[in-house]
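Just so it is clear, none of the values below were taken in a lab; they were calculated from the coordinates. These numbers were taken from a predicted model, which means no experiment stands behind them. Cβ: placed from backbone, ideal geometry, glycine included. Neighbour counts: every protein chain shown.
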């Protein structure tokens, strides 16, 4: 709506110092400074809506032979962060030409195509414990039209969830689609573990975690039909059967 021709709309309220009006005007004309703000929870915008002038970063176009792990490694960004920001559920299904937002990056970098060794990473095991004692209600593998990328352990709401192995928390929040309140811990040998659908998170991003430490409480947040823990083991972001790592009980 256009302002009225009556100059009254431009009047300064009584008692407001002119120096304050001048300062506000100058501030309003100043250019925006780029900064990094990580959205939280369900209010996170889709990757294509990130403004690099507000959310510091760049857009990278996926080229032939590029893997998400190599892109993350080249830019120095956690693979799980790229998955979350760009809403990627399957890191092995990346379309050439897709545009990714790389948070924190200052310039677009060249990415070397994968090599054969990347397809067969070392299967050296790390010592992993069960995150809780619960009844297994769903295993790893095909389930309906989609693959179930972990195992489900039913337990009452509020049951303590333990870290399966020591490492560093690379994600703690509710911004991963369908996972509800989720924690991701990065371990040795390019492994990470995922703990989803929690009612409460007890650790933060960046925390160093020891094996067996209580990190969350069981819940039914996200796409969950009842209280349980959805537990995953991933290598370079690719899900693997947790039962191959967990001790027999």
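Given 10 °C and 1.306 mPa s, compute D for the stretch 135-244 with the Stokes-Einstein relation, Rh being the Kirkwood radius over Cα pairs; round to the nearest whole µm²/s.
Numbers: Rh = 13.7 Å.
For these conditions, the coefficient is 116 µm²/s.
Quote to one decimal, in nm, the extra length available between residue 246 and residue 157 on full extension: 0.36 nm per residue of separation minus the C-alpha distance between them. Let's see the in-between values first.
Details: separation 89, 0.36 × 89 = 32.04 nm, distance 2.30 nm.
Length gained, residue 246 through residue 157: 29.7 nm.
Which order results if 147, 207 are arranged by neighbouring Cβ count within 10 Å, fewest first? Mind showing how you got there, number by number?
Values: 147 13, 207 16.
Ascending Cβ contact count within 10 Å gives the list 147, 207.
How high is the relative contact order of the stretch 135-244, given as a whole-number percent (alpha carbon pairs under 8 Å, six or more residues apart)? Can you show the working numbers first?
Working: 301 pairs, mean separation 34.2, N = 110.
Contact order relative to length: 31 percent.
Length gain on complete extension for the stretch residue 108 to residue 177, per 0.36 nm per residue less the alpha carbon to alpha carbon distance?
Numbers: separation 69, 0.36 × 69 = 24.84 nm, distance 2.69 nm.
Length difference between fully extended and current span is 22.2 nm.
Under the 0.36 nm per residue contour assumption, what length would be gained going from the current alpha-carbon distance of residue 133 and residue 95 to full extension?
On the way: separation 38, 0.36 × 38 = 13.68 nm, distance 3.92 nm.
Roughly 9.8 nm would be gained on extension.
Using 1/(1 + (r/R0)^6) with R0 = 22 angstrom and r between the beta carbons of residue 148 and residue 126, what's the FRET efficiency to the nearest 0.05? Present the calculation step by step, with values, prior to reporting the outcome.
Numbers: r = 23 Å, r/R0 = 1.02.
With a Förster radius of 22 Å, E is 0.45.
For residue 188 paired with residue 87, estimate the spin-label separation in nm (one decimal), with each label point 7 Å from Cα along the Cα-to-Cβ line.
For residue 188 paired with residue 87, the spin-label model returns 3.8 nm.
Kindly put 183, 215, 108 in sequence by how many other C-beta atoms sit within 10 Å of each C-beta, fewest to most. It would help to have the intermediate numbers written out before the result.
Values: 183 26, 215 23, 108 12.
Least crowded to most crowded, the residues run 108, 215, 183.
Please report 138, 199, 193, 172 as a ranked list, fewest other C-beta atoms within 10 angstrom at the top and most at the bottom.
Numbers: 138 14, 199 17, 193 25, 172 21.
The fewest-first ordering by Cβ neighbours comes to 138, 199, 172, 193.
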